[in-house]
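Read through the structure below, which is laid out as structure tokens, and then see the notes.
The values are calculated or read from the model by the stated rules, or taken from the named source; none is laboratory data. Model, not experiment: these values are computed from the prediction. Cβ: placed from backbone, ideal geometry, glycine included. Neighbour counts: every protein chain shown.
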Amino acid sequence: MSPSARDPKVSTGSPERPGWLASLKVYQEPASLRMLSLGFSAGLPLLLVFGTLSFWLREAGVNRSTIGYLSWVGLAYGFKWVWAPLVDRLPLPWLTRRLGRRRSWLLASQCAIVAALVGMALTDPKVSLMPIVWCALAVAFASATQDIALDAFRIESADTEHQAALAAAYQGGYRLAMIWAGAGALWLAARAEATDANAYQHGAWQFAYLVMAASMLPGMLTVLFSREPVPAPLSPARSVGEWLKGALVEPFSDFLRRYGRQALLILALIAVYRISDVVMGIMANPFYVDMGYSKDEVATVTKVYGVLMTLLGAFVGGVMALRLGLMRVLMLGAVLSAASNLLFAWLATRGHDLTALVAVIAADNLSSGIASAAFIAYLSGLTNVKYSATQYALFSSMMLLLPKFLAGFSGAVVDAVGYAPFFAGTALLGVPVLVLVWLAARHAHAQASSPSAAPADAA
């Protein structure tokens, strides 16, 4: 296997590892700081078309069923692999010549996000719902496109050993943006309200979303002042057919060639690794409301404190991956993610217990941060830098499709069995994940013990 075709076994084959203090210095490197800022731009749009938007719509009198259907806007993230080959290889007029392949797509998608957020701000869902739906779809599509370009930018900006640190820095910026787009947007809307805070006021939400649109500026400046990474050169295509083959077919056939039958194991692991978190998470906010937690309590504990704990978990996960090896941390993240859902089952028996909520959110979000950092690094290690945007988009899309599909039924399950059995059931969904991580780790160890065997030899 060529050095450019990254393999997760690389992270497990080095006998010498840096000390803990030396490992922490990786977060002071310019690449990590850039990824922190760009991670903020990536995380900002998500809640603005999900949690924060659903709060806004409900306050405007939109019924719960409609709000539930609108959650499928998130499928744009699950199907981004469809247009990822274009982002990977298609130059943008004028921009690509001046900024390069990755930065041009980053800036274009960021500008589209800003325009769509302004469109949402200027639309009152109480008067007309469809304009805000179309703007939300535009935000999701542009955000998914930004993710494609950003994942390629990150993968091409450092070697395999630094991918976990870049993933952690990215997660840090991402989670900070979620604080701002979650609790920050609610606080901005509350501060902009007139005297009667109980009545719906579109002007307050308009102010909040305009500030959110302006918050994309740091990421845009980071793109403009960053250096374009040096991607693998593209072979010149002499016909449309050759171009389509290189853009659409080769990224997928390359992965299958390199990993052979192991590809099925890897794809299965990718499809279910975050299933416990995603399926449980869709019912988290309704659960808080039904347990009697106030908006201030939910915003402070889950949107601020919880995200900070995820941030801590992401940085811990990045350091642990450097120190202990990626596959060990991947297994730890899977165990913790499933176990933390059992804590929610316990919390469901407590009623309104703020102390218990703080403890459960701390454990759950710390686990999520560790799992996310390890998983992003694992996905990054699977890619070939020649097709980094397309292959990573395929992996990250697969990560969402099955969990989001199942999550659509979560409300019906809660109605049928209640919160505690539902949360316990989502923990059980994590059991197959543990088996798949163990099989993948065993195969990676076997490959590391046999340096002459390439992944494709598994066929």
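So here's what we get for this one:
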| read-out | value |
| --- | --- |
| Qualifying residue in the range 305-320 (condition: in a helix (DSSP H, G or I) and free of Cβ contacts under 8 Å to residues at least 24 places away in the same chain) | no |
| Residues of the range 36-65 satisfying the condition of being in contact (Cβ under 8 Å) with a residue 24 or more places away in the chain and among the charged types (D, E, K, R) | E59 |
| Residue check, L234 out of contact with any Leu (no Cβ under 8 Å at 6 or more places or on another chain), modelled with pLDDT of 90 or more and either surrounded by fewer than 18 Cβ atoms within 10 Å (Cβ to Cβ) or within 25 Å of V49 (Cβ to Cβ) (or both) | no |
| Counted residues, the range 402-420 - those being surrounded by 14 or more Cβ atoms within 10 Å (Cβ to Cβ) and assigned to a helix (DSSP H, G or I) | 12 |
| Every residue from the range 307-321 that is over 17 Å from the mean Cα position of the chain (by Cα) and surrounded by fewer than 24 Cβ atoms within 10 Å (Cβ to Cβ) | V316, V319, M320 |
| Some residue of the range 269-286 being basic (K, R) and buried (at least 21 other Cβ atoms within 10 Å of the Cβ) | yes |
| Pairs, first more than 20 Å from L308 (Cβ to Cβ) and part of a loop (DSSP other than H, G, I, E, B) in the range 333-361, second modelled with pLDDT of 90 or more and of a type outside the set (D, E), C-beta under 7 Å, six or more apart | A348/A420; A348/F423; T349/A420; R350/A356 |
| Qualifying positions in the range 277-311 - more than 23 Å from A177 (Cα to Cα), of a type outside the set (A, V, I, L, M, F, W, C) and out of contact with any His (no Cβ under 6 Å at 6 or more places or on another chain) | D290, Y293 |
| Residues of the range 168-179 classified as surrounded by fewer than 24 Cβ atoms within 10 Å (Cβ to Cβ) and either of a type in the set (V, I, T) or farther than 14 Å from G306 by Cβ (or both), total | 1 |
| Unique match (being surrounded by fewer than 23 Cβ atoms within 10 Å (Cβ to Cβ), touching a Leu at 6+ places or on another chain (Cβ under 8 Å) and of a type outside the set (F, W, Y)) among G369, G381, G351 | G381 |
| Selected residue (criterion: modelled with the highest pLDDT) from residues of the range 289-300 that are surrounded by 19 or more Cβ atoms within 10 Å (Cβ to Cβ) and part of a helix (DSSP H, G or I) | A299 |
| Unmet criterion (only one of (1) of a type outside the set (F, W, Y); (2) assigned to a loop (DSSP other than H, G, I, E, B); (3) modelled with pLDDT under 75) for K245 | (2) |
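Each row is one residue, and each column tells you yes or no for (1) of a type outside the set (S, T, Y); (2) more than 15 Å from P229 (Cβ to Cβ).
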site	(1), (2)
Y69	no, yes
L75	yes, yes
F79	yes, yes
V82	yes, yes
L86	yes, yes
L92	yes, yes
T96	no, no
L99	yes, no
R103	yes, no
